[in-house]
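Quick note: the coordinates plus some simple rules give every number you see, no bench work behind them. The model shown is predicted, which means the values in this text are computed figures rather than measured ones. We place every Cβ from the backbone using ideal geometry, glycine too, and count neighbours over all the protein chains shown.
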Amino acid sequence: MRFAFPFRFAAGRSLRAVAALLLLAPLSAVPLCAQTGQADQHAALSSGAKTEASRADAAKPAAVETDAANPQPQRGVAAKALDKVKQVAKSASDIFHRVPCHQPTGVPNSTGSLPHVAAKLAAGKPVVIIAFGSSSTQGYGSSAPEFTYPSRLAAQLRRQYPSADISVLNRGKGGEDAPEMMRRLQTEVIDVHPDMVIWQVGTNAVLRNLDPSETAKQVEDGVARIQADGADVVLVDPQYSPRVTERPESARGMVKLLGRIAALRHVGIFPRFEVMRDWHERQAIPIDDFVTADGLHMNDWGYACFAQLLGDDIIRSVGAIKIGVNVPGDVRTYRPM
């Protein structure tokens with residue numbers, strides 16, 4: 001029986017040695033695995049358009065960063081995880097892996113000519129683009145600021161023109177429509193002297209039952225003031241989403257109203273309503289794949305495809321300038337819807 005005691009003593013020493021090795025293992029290994037898993041999940045959800053879950057995952061590294069017990073190592077782990085998320089999600093091939101972004105069929109390209117911004121890009125001069133609007137511009141529904149449409153547009157243009165100094169400024173503010181936007185038009189848009197203004201407007205007017213005639217006057221006045229400063233203008237009409245389409249008459253009326261203003265002022269219009277309807281009705285993409293659970297706002301995929309199509313229009317205008325097709329600013333490529 002005594003032969004068993006030395007065995008137990010040796011086994012006990014072995015277990016204690018293993019435990020000591022575990023205790024000496026780097027503490028950062030466990031958080032790194034957890035953060036890496038979150039990054040992979042974030043990228044997958046971005047492609048699958050599950051924005052609410054993505055937003056929750058994106059918030060988790062902040063909790064790790066505030067760990068007072070070991071702040072420096074934890075911040076390093078969180079920073080690495082966030083870098084991985086950004087690198088993966090910024091890739092167009094990643095966001096469009098499950099659902100590709102195709103040019104809609106049967107939807108007129110009414111962005112028209114963008115001579116001012118196109119000429120500057122073609123000449124390699126610095127360019128300033130302002131995205132002006134409400135929550136769709138601010139990026140509500142995206143899982144991180146870099147996944148909003150202005151950020152996506154900036155990334156696309158910088159990839160296309162890597163030597164150019166391109167700034168896309170986000171001037172979106174949730175809940176606003178023409179009355180509130182007009183109060184900050186001078187300071188946040190005109191005083192910056194941009195080369196191009198993308199003005200997303202009209203959705204909240206539909207939801208708030210604002211007077212269409214007053215909206216038309218304000219938008220037309222705003223467009224005229226932007227044009228007087230020398231910038232190209234593209235209007236963006238409401239999104240095709242359940243909260244908007246449940247008011248079909250108001251939605252159709254706003255789309256036509258903005259189209260009339262674009263024709264009157266000889267500016268472009270991005271037909272977002274028809275583009276998103278094409279996603280659902282012709283391309284058979286479920287609404288949940290491009291609209292968040294609130295039934296109103298676009299998600300990561302929706303913003304990415306919107307930005308991609310808008311960026312393609314700008315790139316085409318630059319191409320026309322480079323081959324000598326300098327279309328005057330008051331000539332539209334297509335008639336408005």
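Results, tabulated for the structure shown:
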item: Mean Cβ neighbour count within 10 Å, used as a protection proxy, ranking 148-156, 298-306 highest first; result: 298-306, 148-156
item: Cα-centred dipole magnitude for the range 115-322, charges only on beta-carbon of K, R (+1) and D, E (-1), debye, nearest 20; result: 440
item: Relative packing of peptides 180-187, 276-283 - highest average C-beta neighbours within 10 Å first; result: 276-283, 180-187
item: Above-threshold pairs, the threshold being 18 Å between Cα atoms, out of Lys173/Lys217; Lys173/Lys256; Lys217/Lys256; result: Lys173/Lys217; Lys173/Lys256
item: Pair Ser213, Asp294: separation of 7 Å Cα→Cβ label points (nm); result: 3.2
item: Contact order relative to length of the range 181-289, as percent, for alpha carbon pairs under 8 angstrom and 6 or more apart; result: 29
item: FRET efficiency estimate (nearest 0.05) - Cβ-Cβ, Arg252 to Asp221, R0 25 angstrom; result: 0.60
item: Estimated distance in nm for a label pair at Asp165 and Ala284, the labels positioned 7 Å out from Cα along Cα-to-Cβ; result: 5.0
